[in-house]
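Remarks on the structure that follows.
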Amino acid sequence: MTDGLVTSIDEAQVLTTTLSMPYTLTTGPAAGSFLFELGNHRILGSRCEVCSRTVVPPSDYCSRCGEAPDEFVQLPETGTVTALTRTDRGVLALIRLDGADADLLHRLDLAKGAVTVGTRVRAVWAATATQSVLDLDCFVLDEDDQPPGTAHPAGEVGLIAQVPHQLELEYQHSYGPHYGRLFDELASSRRILGSLCPTCRNVLVPPREFCDACFVRTGQHVDVSDHGVLQAFSVIHLEFVGQTRTPPYIYAEIVLDGSATRLIHTVAGFDVATAAERLSIGMPVRAVWKDPADCRGTLNDIDYFEPVPSPDQQ
Ligand SMILES: [Zn+2]
Ligand SMILES: [Zn+2]
C-alpha cells in the first residue's frame with residue numbers, strides 16, 4: 001500500500017493535445033464564384049434589383065428580401081474605409097467598394113501611409129493565387145488616383161465548389177490527482193494503482209475520487225496486481241474514429257487481482273481468429289508491458305494482456 005493520497009492538484013499531470021477535424025466546406029454558388037474570380041483579379045458582388053443593392057462578397061440570397069440575386073457583378077478595386085480595428089496581427093477594416101451598398105471585411109497594409117475612416121484605398125493582389133480570400137492580399141492607401149488595375153475580361157464566372165478546412169482545437173486536459181498519479185506510477189515503476197473505498201473496501205481501478213457504489217470519498221491509493229481475470233471480451237472487426245489499434249483485435253474487460261472493477265484493455269499474443277477457442281470468461285490473464293523506453297505514462301504502457309499460461313507455454 002502507498003501513503004494515501006499525496007499528489008496535489010498542482011502536481012497533477014496535464015495533457016496538452018490538439019483535436020484535429022479535417023472537413024470540406026461546400027461553398028455554394030456565390031462564395032464559390034467569389035473565391036474563384038479573386039484568382040482572376042476580379043472582385044464579384046451580387047445585385048438584387050428588388051432592393052437596388054449590391055453586396056460584396058456576393059450572397060446566394062438577398063439579406064433584405066430573401067430573393068436570389070439577379071446577377072453577379074464585377075466591382076472596382078477601389079473603395080473607402082468605413083471602420084477599422086488594430087489587432088496584434090495587423091489592421092482589419094470594413095471597406096465600401098465603389099458602387100457597393102455593403103462593406104467588405106479585409107486587412108489593410110499601413111506601410112504605405114496612415115489610414116483612417118474615410119481614406120481611399122485600393123486592392124493589392126497576391127503574387128500567387130491560392131483560391132482563398134487572401135488572393136486579394138490587402139488594401140493600401142489609394143495614392144494619386146492611380147488607374148484601375150488590369151481587370152480580366154468579363155465573362156462567365158468560374159466556381160470553387162469546395163474548400164478544404166482543418167479545424168484545430170488546442171486544449172489542455174488536467175488528469176487530476178488520481179489519474180495523474182496512476183499514469184506517473186505506470187511510467188516510472190510499472191505499478192497499477194487503485195483507490196480504496198473506506199466503506200465497502202472495494203479497490204477501484206482506475207483510481208477515482210468517489211466510490212461508485214457508496215458515493216463516499218476514497219482518498220487512499222493501493223497497488224493492484226498486473227494479473228487478473230477475464231470477465232468479458234469481444235473481437236472488434238469494425239474501424240472507427242479514434243481507434244488506437246488496427247482491427248481485428250480483442251476488446252476485453254479484466255478484473256485485476258486486488259481490485260473490484262473492470263479495466264478495459266485488449267487481449268492479444270495469439271491469432272485473433274482463434275479467440276473463441278482460446279479465451280473463456282474467468283480465465284487468468286496477465287499484463288505484457290511495453291519496453292520501458294516506449295512507456296509514456298498511459299494504460300497503453302501495458303501493451304496487452306495475455307492468457308496465463310501464455311500460448312507459447314501451452
Ligand atoms: Zn433584395
Ligand atoms: Zn464503496
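Structure summary
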{"quantity": "Spherically averaged projected area in nm², based on the convex hull that wraps the Cα atoms of the stretch 203-276", "calculated": "6.3"}
{"quantity": "Amide proton proximity set for LEU15, modelled H, under 5 Å, gap of 5+", "calculated": "HIS173, SER174, TYR175"}
{"quantity": "Dipole magnitude (debye, nearest 20) for the chain, charges at Cβ of Lys, Arg, Asp, Glu", "calculated": "640"}
{"quantity": "Distance cut-off 16 Å, percentage of C-alpha pairs in the stretch 101-140 lying past it", "calculated": "39"}
{"quantity": "Inverse mean reciprocal Cα-Cα distance (Kirkwood Rh) of the chain, Å", "calculated": "25.4"}
{"quantity": "Rounded to 10°, Cα long-axis angle of helix 176-189 versus longest principal axis of the chain", "calculated": "60"}
{"quantity": "FRET efficiency estimate (nearest 0.05) - Cβ-Cβ, VAL288 to VAL235, R0 22 angstrom", "calculated": "0.75"}
{"quantity": "Inter-centroid distance (Cα atoms) of the stretch 24-84 relative to the stretch 254-314, Å", "calculated": "61"}
{"quantity": "Separation of alpha-carbon centers, the stretch 114-145 and the stretch 159-211, rounded to whole Å", "calculated": "49"}
{"quantity": "Average projection area in nm² (convex hull over Cα atoms of the stretch 225-314, one quarter of hull surface)", "calculated": "6.3"}
{"quantity": "Dimensions in Å of the stretch 28-160 - Rg and Dmax from alpha carbons", "calculated": "14.5, 41"}
{"quantity": "Per DSSP, loop chymotrypsin sites (Phe, Trp or Tyr not before Pro) in the stretch 176-258 with at most 14 further Cβ within 10 Å", "calculated": "PHE215, PHE240"}
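Read-outs: derived from the displayed coordinates by stated rules, not from any lab. As the structure is a prediction and not an experimental result, all values here were calculated from the model. No Cβ is skipped: glycine too gets one built from the backbone with ideal geometry, and neighbour counts run over all protein chains shown.
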